[in-house]
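Q: First, the structure itself, so that you have it in front of you.
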Amino acid sequence: MCSCCVSSFSRLKSRCPRPRGFFNLIITKACVLALLFGAAWSVTGSECLPGGRVFGIVIIFISAVLGGRLLGMVQFPGLPPIPPLLGMLLAGLLLRNVPYVTDAVYVDATWSSALRSVALAIILARAGLGLDPSALRRLKAVCLRVAVGPCVVEACVVAVVSHFLLALPWVWGFLLGFVLAAVSPAVVVPSMLLLQKEGYGSEKGIPTLLMAAGSFDDILAITGFSTCLGVAFSTGSTWMSVLKGLLEVVGGVVGGVLVGIFLCFFPSMDQDLVVTRSFLLLAFSVFAVFFTQVVGASGAGGLCTLVLAFLAALGWRADKAGVAAILGRCWDVFQPLLFGLIGAEIIITTLSLSTVGLGVAVIAIGLVVRLTATFALVHGAGFVLKEKLFIAIAWMPKATVQAAIGSTALDTARDAGDDTLVKFGLDVLTLAVLAILITAPIGALGIGLAGPRLLSRQVKAPEAVGGVSSPVGQGEGEVIFESRL
């Protein structure tokens, strides 16, 4: 190009106004979406059009993201935000049950199962990376009681109640019990961080206690679920079924140990560690979940992923932060898919009022027993009455684990082709969704309301000015406690 043309183009460019801000953002995003749609349409053809499988997945993803953003904007002064995952779940539920929209937004069952399995692998890998070995070594008796006791008690109570109310077999009752017994870190951790920032409960270490115990509570629930899943889909005598379930647990742990040790040494330090480690961790996690499904040992995949991620993090030590950040980005993509697809599995017209009503009764009975057990198990740990009550309330929300493993039994039953097992799997998924819808918002609001009223607040005394001591008679920077009971 000649210099004259270049000069003319430069003058024209300097005189023309450039779109900026929101207007520029809208045009850029629209262009990106149009190009992505064009590329996908050129490859898949009609699958990108309404009624196609790609179109359905994309619409559910976009709707779940928007639903989470909209619900996350609902903020009450002094309270933690409503979990966005609730909006994602409701978005999928609406898309599945709105007339005419349901016909256009088609979701293939195989694709949905595969995407939810990938999301399960990601969340389990993140859970394994997030375990703190030092906290595990320093685990006090009260933390162990809070992590183990309520989970086991609720699982057993739900198993008994669901057996008599919903006519679930005993194995399926315990499977449902461990699905419902897990507490949700996605609700508890942000709420505890907010209270900790304001100083509520910090004197007794209550936020730290609940955040540390949450991870072990989830691992126990996933382990129990994996064992029951192996027993539920095994053939032969009862003892052989139990043995097969235990063997799946042992096999998952052994496989996780071997892969975790491998990841401690590979790749070597002269490679791009963060990217390569992230890829290997994700690849092994996804492979473990899918491979165990193929060989008929679905219960081993989750445990294998947890163990390999935990051991890999032990070997990487402080270097695991970069890998955790990449997995967090992956979770940002798959979280809307997981909750949106879980919601899309529920067809309201096929649900009987008796199943929903009895399911709510099962959840309510389990929650009452869980609250009572938690309150009793923290006795003798130095907490006053109102602090015990708060810990019981904070140990109620359910969301992430229920979405991650709630549909696993249904997917396995569909692969087995047994209509009776599919019905049991639908009951488990329905109660998992009901538990999320009921306990996630109530738990978040309950923690936000009860925290300032039931916990003592740790505040700093006003700093001394001009060498004069503070009005409360404390030295500079010294900590006092303000009780708001």
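Q: In nm, to one decimal, how far is the modelled label at Q75 from the one at F290, with both set 7 Å along Cα→Cβ?
A: The modelled label-to-label distance comes out at 4.0 nm.
Q: Going down the table (K204/K398; K320/K388; K388/K423; K197/K398; K29/K320; K29/K423), which pairs top 31 Å between alpha carbons?
A: K320/K388; K388/K423; K29/K320; K29/K423, as the Cα separations exceed 31 Å there.
Q: Follow-up question, since we're still on this one. Before I look further, what does the chain give for accessible area per residue, probe 1.4 Å, in whole square angstrom?
A: Accessible surface, normalised per residue, equals 48 Å².
Q: Something else now. Given a Förster radius of 41 Å and the C-beta distance between T110 and L247 as r, what FRET efficiency does 1/(1 + (r/R0)^6) yield to the nearest 0.05?
A: 0.90
Q: In nm, give the distance between the simple-model label positions of D270 and A416, each being 7 Å from the Cα along the Cα-to-Cβ direction.
A: 5.2
Q: Additional query: I need the Debye-formula profile for the chain: one equal scatterer per C-alpha, no solvent, reported as log10 I(q)/I(0) at q = 0.10 1/Å, two decimals.
A: -0.83
Q: While we're here: Using alpha-carbon pairs under 8 Å, 6+ residues apart, how would you state the relative contact order of the chain in percent?
A: Normalised by residue count, the contact order of the chain is 22 percent.
Q: Hey, another quick one. In deg cm²/dmol, rounded to 500, what helix-only [θ] at 222 nm does the chain give when every DSSP H run of at least 4 residues adds -39500 (n - 2.57) and the total is split over its residues?
A: After summing the helix terms and dividing by residue count, I get -25000 deg cm²/dmol.
Q: Something else now. Could you work out what % of the accessible surface of the chain is carbon and sulfur, using a 1.4 angstrom probe and leaving DNA, RNA and ligands out of the count?
A: 71
Q: Residue separation times 0.36 nm, minus the C-alpha to C-alpha distance between L36 and L385: what's the value?
A: So the extension gain works out to 119.9 nm.
Q: Now, a different point. Quick one: which residues, 5 or more positions from A399 or on another chain, have an amide H under 5 Å from its amide H? H modelled 1.01 Å from N in the peptide plane, none for Pro or chain starts.
A: S184
The values are calculated or read from the model by the stated rules, or taken from the named source; none is laboratory data. The shown structure was predicted, so the numbers you read here are calculated from the model rather than taken from an experiment. Please note: Cβ atoms are built from the backbone with ideal geometry, for glycine as well, and neighbour counts cover all protein chains shown. Quick note on the areas: whole protein, heavy atoms, side chains included, nothing else; ligands and nucleic acids left out. Shrake-Rupley method; radii C 1.70, N 1.55, O 1.52, S 1.80 Å.
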